[in-house]
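This report concerns only the one structure given below.
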Amino acid sequence: MRRGFAGALLTFAVFATAHGAEAQTTPHGATDAGASQRLPASARYVPPRDRRPAHFPDGWPFPAGRAPVVAKHAMVVSDAPIASAIGSDIMRRGGNAVDAAVATAFALAVAYPEAGNLGGGGFMVIHLANGRDAALDFRETAPLAATRDMYVGADGRVTDASIVGPLASGVPGSVAGLTAALARYGTMSLARVMQPAIRLAEHGFVVDSAFARRTADYHEVLARFAGGAVFAPNGQPLKAGALLKQPALARTLRAIARTRGRAFYEGPIAEAWVKELASAGGIITMDDLRRYKAEWRTPIRSVYRGRTLLTMPPSSSGGVTMTETLNILEGFDTLPAFGSTRWAHLVGSAFQRAFVDRNSRLGDPAFVNVPLAQLTDKQYAATLRATIGATRATPTSSLTALKEGTQTTHLSVADARGNAVALTTTLNELYGSGVYLTSAGFFMNDEMDDFTSRPGVPNMYGLVQGEANAIQPGKRMLSAMSPTIVLDPRGRVLLVAGSRGGPRIITSTTEVVLNVLDYGMTLADAMSAPRLHHQALPDSLRIEPHGVTPAVTDSLRAMGYGIYEGSGIGQVNAIMRVPGGFEGVADPRGSGRPVGY
Ligand code: DON
C-alpha cells in the first residue's frame with residue numbers, strides 16, 4: 001500500500017513569503033473551549049432507561065460507562081474544542097444547526113488545518129424540523145487537464161503524485177458547499193457565521209498539546225512546503241502555548257465573507273492562488289474554478305429496524321455501503337453478542353460484501369450509471385446474506401465483481417428546534433497534498449488519490465477500485481465519507497454521526513449505529529466500543545488491538561479469516577437525543593470535544 005508522504009522524493013517546493021503566519025509564545029490561554037462540560041466525577045451519570053450496560057475485553061483502553069457531555073438545547077461535536085464552542089455559541093445566539101455547522105466548519109479551517117479546510121471538499125446531510133431532508137455534495141472534481149493515467153509512471157507503476165505535491169489536488173469544493181448550505185437553509189449572514197473564524201485567524205489562538213503533537217508528527221511534510229514557515233517556524237514545529245496567527249488566511253476568509261464565497265473562485269484572490277499552484281506545477285485553472293458547483297442531492301433514505309437513516313449518496317459511497325451493510329444485517333432477528341466470534345463474522349461479512357459493490361460499481365453519478373436502487377434494495381441484500389457461511393470466512397475473490405483489475409474531520413450538530421446537520425470534510429491525507437498556498441493561507445487537498453489511479457492497484461487506504469471510479473476531467477472522485485442522521489419512529493432526530501479514516505469511515509459510523517440501535521449501548525459506550533473493519537480487499541478482517549479476546553481471534557483465524565490488528569478504526573463525532581436534551585461524545589480515539597448549552 002502506498003503511504004502518504006513517507007519516502008516520497010519531492011522535487012517540488014513552494015517557499016514561504018512574507019504572508020506567513022506569526023507564532024509567538026504566550027503563557028496563558030488555551031486553544032480549547034475552557035473547562036469540559038463533562039459531568040463532575042461526583043455527579044453520577046444516569047443513562048437513559050432504554051440503554052443497556054456494555055462490556056469490553058480486558059486490556060481494551062476505553063472503559064465502558066463513561067459519561068457523555070450533556071446539553072439541554074443544542075450540541076456540536078467536532079475535532080477542535082474551540083470550533084465546537086463557536087458552533088454552540090452561534091446557536092445560543094439564535095442560529096440554527098446549519099448556521100452552526102457552517103461556522104464550525106470555517107473555524108476548523110483555522111484551528112484544525114490538518115483536515116478542516118478551504119482547499120478540500122466534503123459532504124453534508126441535513127434534516128430539518130419541518131421534515132425536509134437534504135444532502136449537499138461539495139466533493140472536489142478532477143481538473144479539466146487531468147487524464148486517466150496521469151499517476152501511472154513510464155514503468156507502468158502508480159506514482160506518489162496523487163498523494164503529495166501540486167498534481168495531487170482536485171478542484172476544491174468546501175467554500176462553494178458551505179456557502180450554498182448557508183444560503184439555502186441558514187438563518188444568519190455569511191459574514192456573521194464566519195466572523196469567529198476570521199477572528200481566530202487574525203488574532204490567533206493558543207496552540208494546545210493535541211495541535212502541537214499533530215504538527216510535530218507531520219513536521220517533515222510541513223517543512224517541505226511553504227506551510228513550514230507557518231506551522232514550523234525556524235524549523236521547529238509549534239509548541240503547546242504558542243500563539244498562532246494566520247493573517248493570509250484571515251484575508252482570504254474576509255474576502256469570502258464579503259463576496260458570498262465568490263472570492264475563492266473568481267477575482268484577484270482566486271487568481272493569486274491558482275497562479276501560485278501553477279507555478280509549482282499544478283494544473284488547476286481559473287476555468288476549473290468557474291465550473292465548480294456544489295451539487296444538491298437526495299439523501300439515501302433507508303429503514304433499519306424501524307429507524308430511518310439519512311445518508312450520503314454518490315459521489316460518496318458512504319450511504320450506499322452503510323445501507324447495504326445494514327440491509328444484510330437486518331435479516332438476522334437479533335445480532336450475536338457484542339464482541340463474540342459470530343458478531344465479528346456476521347458484521348465483517350456484511351461489510352465485505354457491501355465493499356465489493358462499493359469498490360467496483362460506484363463512481364460520480366454524472367459520469368457513470370450507479371445502480372442505486374439495486375444496491376439499496378432489501379431483496380438484493382437477502383441474496384448477499386445467503387452467501388454468508390455459518391462457520392467459514394468467504395474469500396473476497398469468490399464474491400468479487402472486481403476482475404478488472406489521515407485526513408478528514410466530521411462534525412455533528414443538533415439544535416433546539418429539531419434540525420440537525422452531519423458534515424464531513426477533508427483534505428484526504430493529513431495536511432492534504434502538503435502544498436500550502438502562501439498567497440491565500442491554506443493547504444491543498446490530495447483527493448486525486450481517491451480515484452482509481454489504475455484498476456486493481458490499491459490506493460493509500462488499500463482500496464482496490466474499478467473503472468467506475470477512473471479519472472476523467474470534471475469528475476468527482478469516489479469518497480467514503482458518511483455523514484449520517486438517524487430518525488426515531490416519530491421522525492425526530494435520534495442520532496447524528498460521521499467519522500474520519502478513509503474506508504473505515506463507513507465501518508466506524510455503521511458500528512456506532514449498530515451499537516446504539518442493536519446493542520442498546522449509551523452513546524459513550526457505542527463510541528468507546530472496539531471496532532472491526534472489512535473492505536473486501538485486502539481480504540482481511542481488521543480489528544483494534546485488545547478489541548476482541550484472544551479466544552475470539554483464534555476462532556476467527558480457524559474460520560479462515562486473515563486477521564489484521566490495526567489501531568484507530570475511525571474517529572466518530574456523534575450526538576444522540578435523550579430525554580431532556582442531547583448527549584454529545586467525541587471519539588476517545590481523537591481529541592475532539594462536544595460543546596452544547
Ligand atoms: O473521501 C474519502 O473517502 C477520503 N478522502 C477520506 C480520507 C480520510 O478520512 C482521512 N482521514 N483519516
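What follows is calculated from the coordinates using simple rules that are stated; it is not laboratory data. Since this is a predicted model, take the numbers as computed values, not measurements. Methodologically, a virtual Cβ is constructed for each residue, glycine included, from the backbone with ideal geometry; neighbour enumeration extends over all protein chains shown.
Brief remarks follow.
- If both residues of a DSSP beta bridge must be in the chain, then about 95% of such bridges are antiparallel.
- Each peptide in 164-170, 483-489, 371-377 receives the mean, over its residues, of other Cβ atoms within 10 Å, and ordering these scores from highest gives 164-170, 483-489, 371-377.
- FRET efficiency estimate (nearest 0.05) - Cβ-Cβ, SER397 to GLU467, R0 22 angstrom: 0.75
- Net lengthening on full extension, ARG92/HIS203 (0.36 nm per residue, minus Cα-Cα): 37.7 nm
- Region 430-450-region 475-551 distance, computed between alpha-carbon centres (Å): 28
- Here each label is just a point 7 Å from Cα along the line to Cβ, and for LYS293 and LYS239 those points are 5.2 nm apart.
- Toward the positive end of the charge dipole of region 67-160, with +1 on the Cβ of Lys and Arg and -1 on the Cβ of Asp and Glu, the farthest Cα among ALA135, PHE106, ALA67 is that of ALA67.
- Going by neighbour counts of Cβ atoms within 10 Å, the residues ARG417, ARG542 line up, fewest first, as ARG417, ARG542.
- Cβ-placed point charges (K, R +1; D, E -1), dipole of the chain about Cα centre in debye, nearest 20: 1280
- HN-Hα J in Hz across region 126-134 - Karplus 6.51, -1.76, 1.60, θ = phi - 60°, x for Gly and Pro: 10, 10, 9, 4, 7, x, 6, 10, 8
- Note on LYS378 and HIS546: their simple-model spin labels are 4.1 nm apart, each label 7 Å out from Cα toward Cβ.
- Amide H to amide H, with H built 1.01 Å from N, VAL578 comes under 5 Å of GLU583, counting only residues 5 or more places away or on other chains.
- Those chymotrypsin sites (Phe, Trp or Tyr not before Pro) in region 308-353 that DSSP places in a loop and that have at most 15 other beta carbons within 10 Å: PHE332
- Percent of beta bridges antiparallel (DSSP, region 489-597, rounded to nearest 5): 75
- J(HN,Hα) series, region 333-344, from Karplus relation 6.51 cos²θ - 1.76 cosθ + 1.60, nearest Hz, glycine and proline x: 3, 9, 7, x, 3, 4, x, 7, 4, 5, 4, 4
- Summarising the label geometry, the points placed 7 Å from Cα in the beta-carbon direction at ASP133 and PHE332 lie 2.5 nm from one another.
- Among ALA223, ASN117, ALA176 - extreme Cα towards positive end, dipole of region 101-236, charges at beta-carbon: ALA176
- Extension gain, TYR45 back to ALA366 (0.36 nm per residue minus Cα-Cα distance, nm): 110.7 nm
- Only Lys, Arg (+1) and Asp, Glu (-1) charged, at Cβ; region 295-449 dipole about Cα centre in debye: 680
- Cross-link partners of LYS245 among lysines (Cα-Cα below 30 Å; sequence separation of 8 or more within a chain): LYS275
- Ranking of SER174, SER499, SER340 by count of other Cβ atoms within 10 Å, fewest first: SER340, SER174, SER499
- Order of ARG213, ARG342 under a 10 Å beta carbon neighbour criterion, fewest first: ARG213, ARG342
- Ranking ALA280, GLY261, SER316 by how far each Cα lies toward the positive end of the dipole of region 229-382 (charges on Cβ) leaves GLY261 at the top.
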